[in-house]
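The values are calculated or read from the model by the stated rules, or taken from the named source; none is laboratory data. Values in this document were obtained by computation on a predicted structure and should not be read as measured data. Note that each Cβ is placed from the backbone with ideal geometry, even for glycine, and that neighbours are counted across all protein chains shown. Quick note on the areas: whole protein, heavy atoms, side chains included, nothing else; ligands and nucleic acids left out. Shrake-Rupley method; radii C 1.70, N 1.55, O 1.52, S 1.80 Å.
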Amino acid sequence: MATNNNNLYRYADIAPEFEVEFFPKRSQDRTPINPLQAGEHLPTFHIHKKNIIATSDTLKTLNGSLPVTQVIDGPLVLAFHSIHWNNYGNTLLEKLQEVYADIRVLGGQLLVATTDDKQAFENATAQYQLPFATIFDQFNGIAKKAGLYATTDPIWDRVAGIEADVPVPGIYVLTPSLKIVYASVDKWFDQPFAKEALLEALEAASQEQEHAIAI
């Protein structure tokens, strides 16, 4: 995956007449993305039944539309995904598949929010048998709340090899109140999440919840 090399140019930079045809129009506002970090709270979001791609025990009983805080009953690992991240996206799914059993043992739940609708996602991931819940993040709504996506800071304008209007990668460990206890944001696609750090944060969140319930 290419990174922020100043010597790499998008085709539209070399041939500006193709800008409108192949890429969204640049905004005059160039405000950069501001991803949420540990210690902050993720604004609540709703999960709509129509946007569910794959269920697990996390989403089995969902009907209609509910706030995520009413769907989860323990720490949540929220991972963002896009098929337009190419091999990075595939590797991310593989790593999540590997760590999923550990997440469940520690009392956590995993929810993947992808930029792709059900058909596109399933077509692109047919080689996997993914066991975790996956939803379509329509219009990048959840990614916006996490600060991973903004029309003013398009990823295709600064990362070579990505030509879609999608967020940057991010994985969060959240308490049931959506407080962030772990954040891994990979703005330049060169620092994927570390399994050990994620599980340590998840274990601490689970122990904190158990202690709160005991009190």
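See the values below:
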item	result
Extension reserve of the His46-Arg30 stretch, reckoned as 0.36 nm per residue once the Cα distance is removed	2.9 nm
With every protein chain in place, the stretch 55-118: carbon and sulfur % of accessible area (1.4 Å)	46
Relative contact order (percent, whole number), the stretch 118-215, Cα cutoff 8 Å, 6+ residue spacing	15
Low-density loop positions, chymotrypsin sites (Phe, Trp or Tyr not before Pro), the stretch 35-144 - DSSP coil, at most 14 other Cβ in 10 Å	Tyr128
Relative contact order (%) - the stretch 168-212, alpha-carbon pairs under 8 angstrom, separation at least six	32
Percent of beta bridges antiparallel (DSSP, the stretch 64-215, rounded to nearest 5)	45
